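Some notes on the structure that comes next.
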Amino acid sequence: MFVGMGHTASIAELSDDALRAMECAHEVVGDGVVHIRTGSAFVFRKDDILVRVERPGVAHEDVRSHGVAASRLREGGIGSPRLIAPLQTTSTGRVVSLWNWVEHDPESCDIRTLGATLAGVHRTPTSGLPPFNPLRSARVRLSQSHHLMTADEQHFLDQALARAEHLASAVRRMNCFIHGDFNTSNILNAPARPVVIDFEYVGIGNPAWDVAKVAHRSHRFAGHPAADFDEYYGAYRAAGGIAELDQLDDMLSVIDVRSTIWCVSSRAFSPWFASESEVRLETLRNPEATTRWTAL
């Protein structure tokens, strides 16, 4: 039995809830509808526990590493949840992890808070963390999605990924805690302080990768003006952030390829993915393309 903060439940009970949630998941995009795809992770709340059903391919040892990353953040004075129960694999083969639920305001943290929080993340101890890989799973995702592409698209994305891998390998190496997916969705606006969540891509590397994630929003996506990034980076530097931007263009190119492969590999799930895939492919083919990307 698991006993946690006023709630008692068996791991099996929580795992069964996870399975029911998966069966009821909507593969629809719309107002008020959560988009849950077969290949994605998703979470739901059960009393004071957050149940996270990991995406296919995430193993027990990966989730243990996520727990280590959360612990390192707390050691560094950054708010983060605790991995509070043994792991359980559902009958589908997907790992379920249990975390303490964090009460928070549904409104996102403002852009300056995001920047200041990231500066603290980058001062976090790194012991026990793997090297950061900005293209983690991109090669596997691409190879598993060839049936969704034309032969021309396969060849083009294979070449684009090879170039991105070369650019990523040339980025200056540093011994810094990298979150890997640092954005407003992964920073909870909790009462006492912001709380960082989602540790799937955490590793050790150049802190500019985290800055580039937000820069990419302003660079590519509609509704994210350049002034937002300037304010974010200014707050980051004012709080002691150490990331430099001298290799930002190369990082943005890597993120372009990774994001496009993700979108193309999901194009069968909805009309949005299908149309957005065309926009992103055109951006990679034609650097002068001006159509802005849209976010899911």
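Key figures for this structure:
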read-out	value
Per-residue Cβ neighbour rank within 10 angstrom, fewest leading, VAL102, VAL53	VAL102, VAL53
Test item: Cα-centred dipole of the chain, Lys/Arg +1 and Asp/Glu -1 on Cβ, debye	600
Relative contact order %, the stretch 56-197, counting alpha carbon pairs below 8 Å whose residues are six or more apart	34
Cα-derived Rg to Rh of the stretch 51-177, Kirkwood definition	1.03
Sequence-separation-based contact order of the chain, relative, with Cα cut under 8 Å and 6+ spacing, percent	19
Computed P(r) (all Cα pairs; the chain; 5 Å bins; percent)	1, 5, 11, 15, 17, 18, 16, 10, 5, 2, 0, 0
Modelled FRET efficiency - R0 22 Å, ARG123 with ASP249, Cβ distances, 0.05 increments	0.25
Förster radius 45 Å - calculated FRET efficiency between THR92 and ALA162 (Cβ-Cβ, nearest 0.05)	0.85
Tail weight of P(r) past 15 Å, computed on alpha-carbon pairs of the stretch 137-179, percent	53
Translational diffusion coefficient (Stokes-Einstein; Kirkwood radius from C-alpha pairs) of the stretch 199-292 at 20 °C, 1.002 mPa s, in µm²/s	147
Most positive-pole-ward Cα, LEU142, ASN100, SER127, against dipole of the chain from beta carbon charges	SER127
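Just so you know, all these numbers are worked out from the coordinates, no wet-lab data involved. Values in this document were obtained by computation on a predicted structure and should not be read as measured data. Every residue, glycine as well, gets a Cβ built from its backbone with ideal geometry; the counts of neighbours run over all protein chains shown.
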